[in-house]
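Some notes on the structure that comes next.
The values are calculated or read from the model by the stated rules, or taken from the named source; none is laboratory data. Being a predicted model, the structure only gives us computed values, none of them experimental. Cβ placement follows ideal geometry from the backbone for every residue including glycine, while neighbour counts extend to all protein chains displayed. Accessible surface is based on the protein model in full, side chains and every heavy atom, while ligands, DNA and RNA are left aside. Shrake-Rupley method; radii C 1.70, N 1.55, O 1.52, S 1.80 Å.
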Amino acid sequence: MRGKFITLEGVDGAGKSTHLDWIAGRLQAAGKKTVVTREPGGTPLGEELRKLLLAQPMHLETETLLMFAARREHLERVILPALAAGSWVLSDRFTDATFAYQGGGRGLDLGRIESLENWVHQGLQPDLTLVFDLSVEEAERRRTVAATAPDRFEQENLEFFARVRSVYLARAARYPQRIRLIDAGRSVIDIRKSLEEILAILCL
Ligand code: TMP
């Protein structure tokens, strides 16, 4: 039986990575073979592209094409084979991030991103997308506390992240069957309760 594809999204600092391993553990406890991966990245080439994307200034269209180039490899080498083998795939970001960051944050025409999505996805969409939603001020505060050297995206200002967030919210409203909003301003315990309920519908 084909596995399910779950993606985690949100503005930088919303805390999705904190919950990734916990979700993987819940899936494994429910008897699912689970593959944890990320974008940009997830393959040797994708990880090389990630280094460039996070550090190197580039044209917006170059940035978008490289995100999809990394995604093409990721789908071919990791996501599609794992799903076909019955594993569940948990990806830290996927194409909603391109709509939110390159579309919302940087202002690329969303229709262009849709064209690339149609080309690269070949009909695949996540079965479930969890968008960790947080005010951009609180997300910035959390990034500051984390105190790692900010990458090219994390260096962006609050207006940028407000645009990113608004695209995530718009997509959650547009695709309510697939995208679930998680209020990430709550305690970890409360967030996990919500996650537990959502995952239970899917599999637990
Ligand atoms: P991460 O910090 O969640 O690992 O993601 C790396 C950065 O890449 C994050 O700031 C969001 C950005 N990104 C995009 O701008 N577009 C994309 O399509 C993806 C997958 C990530």
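Summary table below
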read-out	value
The chain: relative contact order in percent, alpha carbon pairs under 8 Å with at least 6 residues between	32
Cα centroid separation, the range 62-101 to the range 146-160 (Å)	23
Prolate/oblate/rounded call for the range 1-147, Cα gyration tensor, a/c under 1.5 rounded	oblate
Amide proton proximity set for Thr129, modelled H, under 5 Å, gap of 5+	Thr7, Ile179, Arg180
Inter-label distance for Arg186 and Leu52, nm, one decimal - labels placed 7 Å from Cα along Cα-to-Cβ	4.2
Environment charge of Gln177, counting only residues whose C-beta is closer than 13 Å and scoring Lys/Arg +1, Asp/Glu -1	+3
The range 95-179, accessible area per residue, ligands and nucleic acids excluded (1.4 Å, Å²)	49
Mean Cβ count within 10 Å, highest first, over the residues of peptides 149-159, 71-81	71-81, 149-159
Cβ-based charge dipole, the chain, positive-most Cα from Gly105, Leu124, Phe160	Leu124
